[in-house]
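Readers should treat all values here as calculations from the given coordinates under stated rules, not as data from a laboratory. Predicted, not measured: the structure shown is a model, and the values here were computed from it. Counting neighbours? That spans all protein chains shown, and the Cβs are built from the backbone with ideal geometry, glycine included.
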Amino acid sequence: MLVADYDIVFQEVPDETTLALNISDCPHHCPGCHSSYLWQPVGDVLTPEWLQRLIDRYPYITCVSIQGGDRDYHEVERVAQWVHMQGKKTCWYTGFAKLPEDLQMQGFDYIKVGPYIEALGGLKSKTTNQRFYRVTPEGLRDMTDVFWK
C-alpha cells in the first residue's frame, strides 16, 4: 500500500486525535470525490518502520485511520493489527458498499463503510449512504449520527 499523504485530524474519528493515512490507488473513483488525486498509485510504501516513525513523531495521537486501501484490505487488516500492538486505536475508511465477508474485525476499533455518493453527501449529511461504526465484541454499533450534531 502507498501513502500519498497524512495529517493529524480531529473530525474523522469522534473523540480521538487521529493520524489519518491517505492511501492511494483507490479503485472506486466516486463521482464528485474530494480526493481524486488518490486514484493514482502514488506515495510512500506503508511499512511498520515508516509508520513507527510517524507514531514516534506524534506521540499524542490516540488513533490511526487508514483512509482507503480497498485494493488490498488484507494488508489494511495487518496494518491495523500492528497499530493495535503499539497501543493505538484504529479506524478504516473504506469505499466498499459493504464489508468483505472474510474481513478480520479484531484489529479495528472503528470502520466507515460506503462509497461517496455526491447527491447523498458525506458523513455530516443526514441523507448519507455512508455508515460509521464502532467495532464491539457484540458486533458493529452504528455511530453515524454523532457527525450530525
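Extension gain for residue 75-residue 34 works out to 12.3 nm (0.36 nm per residue, less the C-alpha to C-alpha distance).
Here residue 98 is the anchor, and the lysines within straight C-alpha reach of less than 24 Å, apart from those fewer than 8 places off in the same chain, are 89, 112, 124, 126. Using 0.36 nm per residue and subtracting the Cα-Cα separation, the extra length available between residue 5 and residue 98 on full extension is 30.9 nm.
What's the exposure ranking of 55, 111, going from fewest to most Cβ atoms within 10 Å?
Details: 55 16, 111 22.
If I rank by nearby Cβ atoms, fewest first, I get 55, 111.
Each residue, residue 17 and residue 85, gets one label point 7 Å from its Cα in the Cβ direction; the gap between the two is 2.5 nm. As a length-normalised measure over Cα pairs under 8 Å and 6 or more apart, the relative contact order of the chain settles at 18 percent. Each of 120, 140 has some number of other Cβ atoms within 10 Å of its Cβ, and from fewest to most they run 120, 140.
Net charge dipole, the range 65-123: roughly 220 debye, given to the nearest 20, about the Cα centre with Cβ charges of +1 for Lys and Arg and -1 for Asp and Glu.
The label point for residue 145 and the one for residue 45, both projected 7 Å from the Cα toward the Cβ, are 4.6 nm apart. Most simply put, the chain has about 55% antiparallel DSSP beta bridges, counting only bridges with both residues inside it. By the count of neighbouring beta-carbon atoms within 10 Å, fewest first, 148, 39 end up ordered 148, 39.
In the chain, the alpha-carbon atoms span a convex hull of 104 Å³ per residue.
Note on the range 1-86: with charges restricted to the Cβ of Lys and Arg (+1) and Asp and Glu (-1), its dipole about the Cα centre is near 80 debye. Mind putting a number on the dipole of the range 2-148 about its Cα centre? Charges go on the C-beta only, +1 for Lys and Arg and -1 for Asp and Glu, and I need it in Debye to the nearest 20. The calculation lands at about 280 debye.
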